[in-house]
Amino acid sequence: MLYFYVTQELFYTVLMPIFNRILFFALFLVFPNLSIGQSLILNIAGENETATMTIDSLGYQKRFDNYNGLQLEINSLKHKLTNRGFIDTTIEGVTKKSDSLFEAQLILGKRIDRIRIHYDSSFNTKLLQTINYKSGDGFFEIKITEAENHLKKLNTKIAEQGDPFSTLQLINVAKLNPDLISADLKIVTNQKRRIDKIIVKGYEKFPKSYIKRFLKLKTGKSFNLNAIRDKIELLEDLRFASKIKDPEVLFTQDSTTLYLYIEKTKTNNFDGFLGFGTNENTNKIEFDGYLDLRLINNLNYGETLKLFYKSDEIDQQTINVDVDLPYLFASPIGLQVGLNLFRKDSTFLTAKQYAKINYQINARHKIGAGINATNSTNLLENDTEILNDYKTNYYTLHYNYTKPQFYDPLFPINFWLDFSYGFGDRKNNLGTQNQNIFSLDTYKIFNLNNKNSFYTRINGSLLTSDTYLDNELFRFGGINSIRGFEENSLVANLYGVINTEYRYRLSNGIYVHSVIDAAYFENKLTLSKEKLFGFGLGLGLLTNAGLFRLNYSVGKTDNRQFKLSDSKVHVSLTATF
């Protein structure tokens, strides 16, 4: 005669699950009408009051349309309890209390806090840096309640290394002692994926150099979907393109194709203004104006062409032409060249040419080095010590930082910083003079809330030399400098301007602002030092034609009081096309 001995462990791990299934099936056969037209109510209890409180704290669904849903809810709760350390949880049975009421009995057992996970020599232990663990020789320990999240993190890191279909499993689960269980970590890997092809949809002529250098997406690199999504967000820092939707990936047996959905946006803009004020000497109204034209990415290379012309009320003319070619030959190197012409009535004419090599560190930072050559001609009959023909050659260094907020059409740039330094010499018939030049232009918008913001700008330049000429000094003042003064009416070898505006947004397309400006300048030719102030109000209006701006401001110096007759009204319109 044969005898079979059933241990307690065998009963709970093997026989009890089989018994539960048989019981569920028998109940379903005996009470088939319970699944039709009757709401079933479930109540779950533990082996004692404490266990029942634990079950209730997790929460579970209590009403069901059929018995199958009730059974699934019991199994789901058992899984939740297991993940919280009650690994011995078993379903003792399900009892029918009435036609619609069922009661399930769960045995939770003792809660286990930690799990020890063993791994083999092929496991990359650097992956553990992303989780909170206790290490040992060939294993790591974690809280059992955190096991599921930690394994997901590890799997994500493995996927980021080019295996998006990898899975992690815990096998050979066993109890080491009443407070600790152990398991072996099994990693199921697949063929590592690399980006084989990148296809742009929507804006098919999107510059390939920007894919490689700006977005830093390259074929042959390991596939990492999370990193790709982060890089696509850099399109928010790009003026001439935007994201339509998240990228998609096509996996085939032997290739991985990445699809980017991008659209081209309008970026060309035309800016101009008309200003008028009263001439102090003639008491007549005089007009001045300018045009600022920017053509961006019209050739689909990300290039920028700027054309600036200004003729102001004190008979000065300025022409600037600037061409910026980024990412030449799909490299991070760019070329920028330009020409600047300035004429002061019939006094002098200055022509400056420059060329810069720029290196784009990332989407926001750019450094550069270049050379400037200037040729100034005295238009008067005779040269003097302060007005003379001269030539200069400078070597320059540049740094630029841009933080955009293109989602806001009124204020598309949140932070801008541009710094340059040049060193060289000036040559004329009086000899050679070593010189240095510094220039800084930066502004920042502090967004207080959806309607209120504060804008501040600092702009200044410094020319250091043993001697100075009038036709080499800086000229500033006007709507793009210190407001309330005539355009380019102030002359200095050193100046600094602080512009501030408190802005209140009346709607998404209208805002009003204050004008509070201050400036300081020095002119060593006239041995003068002076402080300047500008006050006023402004209005901005976003129309179908573009951004319309109206500024009213008045300026004063330390030695001069405010005069309404000195006030300036500036009107400008920036159109995007």
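Given contacts defined as C-alpha pairs under 8 Å and at least six residues apart, what's the relative contact order of the chain, whole-number percent?
Relative contact order, the chain: 7 percent.
Given charges of +1 on the Cβ of Lys and Arg and -1 on the Cβ of Asp and Glu, with all other atoms neutral, how large is the dipole of the chain about its Cα centre, in debye to the nearest 20?
Numbers: 68 positive and 61 negative charges, 256 e Å.
With only Lys, Arg, Asp and Glu charged at Cβ, the dipole is about 1240 debye.
Using label points projected 7 Å from each Cα along Cα→Cβ, tell me how many nm separate residue 451 and residue 395, to one decimal.
So the label points at residue 451 and residue 395 sit 5.6 nm apart.
Mind checking which aspartates and glutamates have their Cα closer than 20 Å to the Cα of residue 366? Skip sequence neighbours fewer than 8 apart in that chain.
233, 236, 237, 303, 322, 324, 418, 441
Check cross-link reach from residue 143 to the lysines: straight Cα distance under 18 Å, and skip same-chain residues fewer than eight apart.
Qualifying lysines at Cα under 18 Å: 80, 110, 134, 152, 153, 175.
For segment 269-576, state what percent of all Cα-Cα pairs lands in each successive 20 Å bin, counting from 0 Å until the bin that includes the largest distance.
Calculated over all Cα pairs of segment 269-576, the distribution is 28, 61, 10 percent.
Can you list the HN-Hα couplings for segment 422-428, worked out from phi with the Karplus curve (6.51, -1.76, 1.60; θ = phi - 60°), rounded to whole Hz and with x for Gly and Pro?
Values per residue, Gly and Pro as x: x, 9, x, 9, 10, 10, 8 Hz.
Please list, short to long, the whole-number percent of alpha-carbon pairs of segment 114-188 in consecutive 10 angstrom bins beginning at zero.
19, 58, 21, 2
Run the helix sum for the chain: -39,500 (n - 2.57) per DSSP H stretch of 4+ residues, divided by residue count, reported at 222 nm to the nearest 500 deg cm²/dmol. Walk me through the intermediate numbers first.
Numbers: 5 runs with 64 residues, N = 577.
One gets -3500 deg cm²/dmol as the mean residue ellipticity at 222 nm.
Determine the distance separating the Cα centre of segment 44-62 from the Cα centre of segment 519-577; give it in Å without decimals.
73 Å
Taking the Cα atoms only, what angle lies between the long axis of helix 49-58 and the longest principal axis of the chain, rounded to 10 degrees?
With rounding to tens, the tilt is 40 degrees.
Out of the chymotrypsin sites (Phe, Trp or Tyr not before Pro) in segment 376-439, which ones are loop residues according to DSSP with at most 12 other C-beta atoms within 10 Å?
Values: sites: 390, 394, 395, 399, 401, 406, 407, 415, 416, 419, 421, 423, 438; in loops: 406, 407.
Qualifying residues, ordered by number: 407.
Apply the Karplus curve 6.51 cos²θ - 1.76 cosθ + 1.60, θ = phi - 60°, to the phi angles in segment 392-408 and return the couplings in whole Hz, x for Gly and Pro.
10, 9, 10, 9, 10, 10, 9, 9, 9, 10, 9, 10, x, 9, 5, 5, 10
Quick one: which residues, 5+ away or cross-chain, put their amide H under 5 Å from the amide H of residue 193? H built at 1.01 Å from N.
Correct list: 163, 223.
List the lysines whose alpha-carbon lies under 24 Å from that of residue 201, not counting same-chain residues fewer than 8 positions away?
Residue 201 reaches 212, 216, 218, 221, 231, 243, 245, 264, 266.
Which of the trypsin sites (Lys or Arg not before Pro) across segment 155-258 are loop residues per DSSP, with 10 or fewer other Cβ within 10 Å?
Qualifying residues, ordered by number: none.
Take a quick pass over segment 437-577 and tell me how many lysine pairs come in under 22 angstrom between Cα atoms, counting only ones 8 or more apart or on separate chains. Could you put the intermediate results ahead of the total?
Numbers: 524/556; 529/556; 529/563; 531/556; 531/563; 531/568; 556/568.
Here the count comes out as 7.
Along the charge dipole of segment 269-576, pointing to its positive end and built from +1/-1 on Cβ of Lys, Arg, Asp and Glu, which listed residue (551, 379, 290) has its Cα farthest out?
Looking along the dipole axis, the top candidate is 551.
Classify segment 353-501 as rounded, prolate or oblate from the Cα gyration tensor: take a ≥ b ≥ c as the square roots of its eigenvalues, call it rounded if a/c is under 1.5, otherwise prolate when a/b beats b/c and oblate if not.
oblate
Run through all the Cα pairs of segment 197-264 and give the fraction in each 10 Å bin from 0, expressed as whole percent.
Percent of Cα pairs in each bin: 20, 61, 18, 1.
Rg and Dmax of the chain, Cα atoms, in Å?
37.3, 134
Using only Cα atoms, tell me the angle between helix 147-160 and the longest principal axis of the chain; keep it within 0 to 90° and round to the nearest 10.
So the helix axis and the longest Cα principal axis differ by about 50 degrees.
If you restrict to DSSP beta bridges whose two residues both lie in the chain, what percentage is antiparallel, to the nearest 5?
Given both bridge residues lie in the chain, the antiparallel proportion sits at roughly 95 percent.
Rule-based calculations on the coordinates, nothing more; no lab input. Predicted model, so just to flag it, every value in this text is computed and none were measured. With ideal geometry, Cβ positions are generated from the backbone for all residues, glycine too; neighbour counts draw on all protein chains shown.
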